[in-house]
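Down below is the structure, laid out as structure tokens.
Read-outs: derived from the displayed coordinates by stated rules, not from any lab. Owing to the predicted nature of the structure, the values given are computational and were not obtained by experimental measurement. Here Cβ is always computed from backbone atoms with ideal geometry, including for glycine, and neighbour counts include all displayed protein chains.
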Amino acid sequence: MRSTMIKAGAALGAAAALLFAGTAQAATTVGSGHVDVLALAYDDNANKLDLHVELANGTVLEPADVLFDVHSAHQVTTASATNCRTDLGTNWVLPRLETAGKLWAGWNTEALTLASFGGSVTADLVSYTAPSGGQVAVYDASTNTTRLHTDPACDDGAIAVTETHHHPTWVFTQPGTYTLTFQLSATHTTNGAVTSDPVTYTFDVG
Amino acid sequence: MRTVTKYAAVAAAAAAVLAATAAPATAQGSGRYTVLSEGHVDVFGLAYEDGALDLHVHDEEHAAEYAPGEVVLKANNEAKTTIPAGYDFLGAPGDDVWILPDTEVAGLLFAGYGAEEIAPGDFANDTLTLTVHDAWGDVDLYTVDDFGTPAVEFDSDEGPGSWQVTAGGHGHLNWAFGEAGLYKLTVEAEGVLAATGETVSTGEVDYWFWVEA
């Protein structure tokens with residue numbers, strides 16, 4: 001009787017896994033409001049870092065299950081290009097401050113203790129895809145600090161995450177689909193070098 | 001940078017009071033000031049109840065509400081930085097300045113304003129006006145857009161400064177102080193009642209800031 005139940009449970013689990021695999025493309029679309037795109041976590045049993053997406057209501061999602069919809073409300077037209085920031089003409093801008101109808105995209109380290117990692121965890125952009133001519137700029141406008149840029153001339157290609165919670169400005173310079181693959185790395189004060197798996201985020205711009 | 005003579009004397013007296021009450025940001029009910037020095041605080045919190053417009057301080061970290069006169073809003077010394085280029089209204093680039101930023105930074109007060117307790121429809125155009133009439137010493141309140149361009153809402157060198165708040169809305173400012181010490185900001189909120197066209201005001205309300213050396 002007992003073994004039958006386990007088998008039934010296992011079969012159900014397998015069916016559920018199949019179902020999830022089959023619906024993996026039915027992503028959660030996030031197009032406005034507070035979202036911590038990079039929600040960092042640390043599993044001290046596995047000695048492994050992890051990346052999630054955290055919504056304002058506390059919902060935690062796997063990045064692969066989320067589509068960030070950078071829709072037309074994010075469109076900003078600039079009269080001139082600014083190096084490592086915006087192209088001349090149309091750009092898509094995720095604002096640094098909460099703005100109704102737009103994504104307010106940031107990161108947090110609330111699920112780990114930054115001090116245990118020397119105060120900083122690196123989110124390395126290990127690969128990305130972008131539409132032709134498309135660049136991604138992530139920066140702090142109030143201090144004019146580039147946090148990440150897809151152009152190696154602008155940045156070293158990694159975010160040094162030093163904040164408990166932070167919201168920069170994000171700029172996409174061309175419409176289309178962008179994928180950003182991040183891998184976390186850090187040095188734990190007692191457990192040594194730790195990393196995450198590479199995790200891919202998808203932004204649909206325009 | 002403007003220096004007000006009353007500043008130094010009162011600062012010394014206030015330092016003595018603060019020395020007795022500082023540290024735990026949440027200790028309340030001692031009859032003295034509560035010092036708020038970290039986390040999300042809506043400094044200019046607006047409410048309209050029983051026919052009266054009211055300004056209060058809302059500590060979002062501890063879900064506590066205070067009358068403005070009950071709290072000292074403290075800029076910890078981690079707020080001390082230097083004036084960046086392009087911020088001439090703050091003073092000469094490279095000079096010392098204490099800035100409570102409009103984004104959340106661990107260890108610093110994340111100070112904003114909010115009209116979440118104003119019901120839609122109560123005020124004409126769902127709009128209220130916040131005015132800082134005066135500040136002791138050198139104070140600037142400003143926002144920064146996504147391209148790094150500042151918009152100054154109040155500059156103590158320029159006289160009173162006003163900005164608009166939407167019913168249900170919420171915002172954050174950069175709060176810049178030119179020196180360490182005690183500051184008083186005199187603030188007023190007003191709006192026009194949608195039903196009667198009557199203007200209601202909080203009157204002038206004093207807020208106290210302490211900027212750590």
Check: Once phi is turned into θ = phi - 60°, what whole-Hz ³J(HN,Hα) does the Karplus curve with 6.51, -1.76 and 1.60 give for every residue of the stretch B:92-104, x standing for Gly and Pro?
Finding: 7, x, x, 6, 5, 7, 10, 10, 8, x, 7, 10, 6
Notebook entry, point to check: Would you list A:Asp156, A:Asp124 from fewest to most Cβ contacts within 10 Å?
Noted result: A:Asp156, A:Asp124
Note to self: Can you sort B:Asp88, B:Asp96, B:Asp50, A:Asp204 from fewest to most other Cβ atoms within 10 Å of each residue's own Cβ?
What the structure shows: B:Asp50, B:Asp88, B:Asp96, A:Asp204
Check: How many Cβ atoms of partner chains, on average, are near each residue of B:140-150 if near means within 10 Å of its Cβ?
Finding: 5
Next item on the list: Could you list A:His188, B:His133, B:His172 in order of exposure, starting from the residue whose Cβ has the fewest other Cβ atoms within 10 Å?
Entry: B:His133, A:His188, B:His172
Check: Which of rounded, prolate, oblate describes the stretch B:130-213, given a ≥ b ≥ c as roots of the alpha-carbon gyration tensor eigenvalues and a/c under 1.5 marking rounded, otherwise prolate only if a/b is larger than b/c?
Finding: oblate
Next item on the list: Work out the P(r) tail for the protein assembly as shown: percent of alpha carbon pairs separated by more than 26 Å, whole number.
Entry: 62 percent
Next item on the list: May I ask for the net charge around A:Glu54, where only other residues with Cβ less than 9 Å from the Cβ of A:Glu54 are counted and Lys, Arg are +1 while Asp, Glu are -1?
Entry: -2
Notebook entry, point to check: So, counting K/R as plus one and D/E as minus one, what does the shell of residues with Cβ under 13 Å around B:Glu204 add up to?
Noted result: -3
Next item on the list: First select every other residue whose beta carbon is under 12 angstrom from the beta carbon of B:Gln164; then total the charges, Lys and Arg +1, Asp and Glu -1.
Entry: -3
Checklist line | Rounded to 10°, Cα long-axis angle of helix B:5-21 versus longest principal axis of chain B | finding: 90 degrees
Margin query: For a test of the definition: using alpha carbon positions, the gyration tensor, and the 1.5 limit on a/c, classify the stretch A:28-205 as rounded, prolate or oblate.
Written below: prolate
Margin query: Can you return the aspartates and glutamates within cross-link range of A:Lys48? Criterion is Cα-Cα under 15 Å, with same-chain partners fewer than 8 residues away left out.
Written below: A:Asp197
Next item on the list: Could you tell me which of A:Ala79, A:Gly119, A:His165 has its Cα farthest along the dipole of the stretch A:28-205 towards the positive end, charges placed at Cβ (Lys, Arg +1; Asp, Glu -1), taken about the Cα centre?
Entry: A:Ala79
Next item on the list: Could you sort B:189-197, A:74-82 so that the peptide with the highest average Cβ count within 10 Å comes first and the rest follow in order?
Entry: B:189-197, A:74-82
Note to self: Given axes a ≥ b ≥ c from the Cα gyration tensor, I'd like to know whether the stretch A:91-162 is rounded (a/c under 1.5), prolate (a/b larger than b/c) or oblate.
What the structure shows: oblate
Next item on the list: On a C-alpha basis, how far is the centre of the stretch B:134-155 from the centre of the stretch A:97-112 in Å? Whole number, if you could?
Entry: 23 Å
Item checked: Distance between the stretch B:69-130 and the stretch A:25-47 - C-alpha centres, whole angstrom -> 29 Å
Next item on the list: Relative to the longest principal axis of the C-alpha atoms of chain A, give the angle of the C-alpha long axis of helix A:2-22, reported between 0 and 90° and rounded to the nearest 10°.
Entry: 20 degrees
